[in-house]
1. I'd like to verify a number: residues in region 12-32 that are surrounded by 14 or more Cβ atoms within 10 Å (Cβ to Cβ) and within 28 Å of residue 83 (Cβ to Cβ), how many?
2. Of these, 125, 61, which one is modelled with pLDDT of 95 or more and closer than 25 Å to residue 32 by Cβ?
3. List pairs: first in region 84-103 and over 11 Å from residue 115 (Cβ atoms), second part of a strand (DSSP E or B) and basic (Lys, Arg), Cβ under 6 Å, 6+ apart or cross-chain?
4. Kindly check whether there is at least one residue in region 33-53 that is surrounded by 10 or more Cβ atoms within 10 Å (Cβ to Cβ) and of a type in the set (Lys, Arg).
5. Looking only at region 81-103, count every residue that is surrounded by fewer than 19 Cβ atoms within 10 Å (Cβ to Cβ), assigned to a strand (DSSP E or B) and either out of contact with any strand residue (DSSP E or B) (no Cβ under 8 Å at 6 or more places or on another chain) or acidic (Asp, Glu) (or both) and tell me the total.
6. Considering only residues that are under 19 Å from residue 36 (Cα atoms) and either touching a strand residue (DSSP E or B) at 6+ places or on another chain (Cβ under 9 Å) or in contact (Cβ under 8 Å) with a residue 60 or more places away in the chain (or both), which ones fall in region 104-121?
7. Within the group 40, 17, 67, which residue is part of a loop (DSSP other than H, G, I, E, B) and either closer than 17 Å to residue 101 by Cα or over 19 Å from the mean Cα position of the chain (by Cα) (or both)?
8. Inside region 43-64, can you point out the residues that are assigned to a loop (DSSP other than H, G, I, E, B), on the phi < 0 side of the Ramachandran plot and among the small types (Gly, Ala, Ser)?
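The values are calculated or read from the model by the stated rules, or taken from the named source; none is laboratory data. The structure presented is a predicted model; accordingly, all values stated were derived computationally and were not measured. Neighbour counts run over all protein chains shown; Cβ positions are idealised from the backbone, glycine included.
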Amino acid sequence: MPTIKATLTLSAAAGQVSTNPLALTESDTLTVDAVPGVGVSRAAINVSGGAAVTLIPSSAEVKFLYVKNTALQSDGTTSTTNIVEVSIGGNSVLRVNPNEWAWVPIVASAAVTAISSSTQTILVEYAYFTRS
């Protein structure tokens, strides 16, 4: 079975976010199936009020989602300050600001969609992997 190593590091000097320095690192090796899944891809998402773009279709498997707001409009060169709104199972749960990203385990049977928070289309980077 394929594996993915996920590592998250949070760090800040003392006084920046608390009186103590922040130093937190977590990592895990995740066993995934080769399919269904989508490697790192890009998609243009619609403006607010339009149809949300499906990043992960509904299925019976639990998945890991990576999504990044590239801070670019759909042409790939014009910058944007709009937020990517991500819904899981029809519920808006993530707001990904420009140049931010998220790595989230997604419950089985939930479709994942994304839409722009405003009047500009946004180029998002995403991938998903099925948990074994």
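1. Matching residues across region 12-32 total 1.
2. After ruling out the rest, the residue left standing is 125.
3. So the pair list comes out as 101/68.
4. Yes; the residues of region 33-53 include at least one that is surrounded by 10 or more Cβ atoms within 10 Å (Cβ to Cβ) and of a type in the set (Lys, Arg).
5. Matching residues across region 81-103 total 1.
6. Of everything in region 104-121, those that are under 19 Å from residue 36 (Cα atoms) and either touching a strand residue (DSSP E or B) at 6+ places or on another chain (Cβ under 9 Å) or in contact (Cβ under 8 Å) with a residue 60 or more places away in the chain (or both) turn out to be 104, 105, 106, 107, 108, 110, 111, 112, 113.
7. Checking each option against the conditions leaves just 17.
8. 48, 50, 51, 52, 58, 59, 60
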